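All of the numbers you see were taken from the coordinates with simple rules; none came from a lab. Everything numeric in this text was worked out from a predicted model, so none of it was measured. With ideal geometry, Cβ positions are generated from the backbone for all residues, glycine too; neighbour counts draw on all protein chains shown.
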Ligand code: FO1
């Protein structure tokens, strides 16, 4: 599964209840990674890890549940910028990650250690061990991803997205794609979550070559994003703000698009793109809804085995 942050993690938490968690490989976006207070923060990796470990703050979807902010308050008193909220337990993750990276361990190795320490059985792979950075072009110029996403609360219209760094896939990424029974594009932002993973050298090609059916779950329901700026980005980047707009972006890559019941009327237009459309409830409001979406995605995939892309 190709994963961004919160939406992907919620979907994964249902998936690992309907299949063996150890049979799942999450390939996670690292282009949101940023350095704060000298520490390497990997928000999407941590959102996936914390969610699968059952320690995530479910209300926000990121960070550690019931975390405290003593260090952040002390940093603020010292005059540091603290617009990116880092809880005390979360900071422990970033201190550990940064120390291991400085000792020469690649991010994939560090992530595997964190997963083990948190009791996560699912294989969680960063898309790349290399530094990859999403930049967004707004009217005032190019911004770093977290500057735009958190500090400026996504208020600027995005005119263009680019990924810096010639990122190569982390060990195991291409192999996992080639060996997969099903490849899932999570209900994540196609531009800034799935986009950077597909931009890692050879990843898109590996998916195109893979024998497995490729299923995308639309992050847009009834013309609105489940979470985050996906709808606004579709609009500002010139796409239709709908599950059909998402399907068009993934054309040539995916076999099936899973869309919400509210978007049933788009199924025919999606099918006209040569993409199967499966209509189901995609709002992950509770555990049962997450599990039933995961089952629908797997069923959608099994209905397409051998389908031509
Ligand atoms: N998102 C926010 O909107 N504000 C924050 O202060 C913030 C802090 C944060 C700390 C650790 C972490 O793992 C995630 C955090 N996020 C925060 C979420 C993060 O910026 C986004 O979820 C992703 O980068 C987009 O997928």
Spatial separation of Cα centroids for region 1-64 and region 202-280, in angstrom: 21
Value of D in µm² per second that Stokes-Einstein yields for the chain, Kirkwood Rh from Cα pairs, at 10 °C (1.306 mPa s): 81
Residue exposure sequence - 193, 236, 302, 13 - by fewest surrounding Cβ within 10 Å: 302, 236, 13, 193
Computed FRET value (nearest 0.05) for residue 157 with residue 286, which takes r as the C-beta separation and R₀ as 45 Å: 0.85
Residues residue 66 and residue 117, FRET efficiency given R0 of 22 Å [Cβ-Cβ distance, rounded to 0.05]: 0.75
Within a Gaussian network of the chain (alpha carbon springs, distance under 10 Å), most fluctuating of 238, 172, 252: 238
Between helix 287-302 and the chain: long-axis angle, C-alpha atoms, 0 to 90°, nearest 10: 50
Residue order, fewest to most beta carbons within 10 Å, for 60, 157: 60, 157
Angle in degrees between helix 43-53 and the longest Cα principal axis of the chain, rounded to the nearest 10: 80
Tilt relative to the chain, helix 6-18 - C-alpha long axis, 0 to 90 degrees, to 10: 60
Residue-span extension gain [residue 53 to residue 299] - 0.36 nm each, minus C-alpha spacing: 86.0 nm
Theoretical FRET efficiency, 1/(1+(r/R0)^6), r = Cβ-Cβ of residue 131 and residue 78, R0 30 Å, to 0.05: 0.65
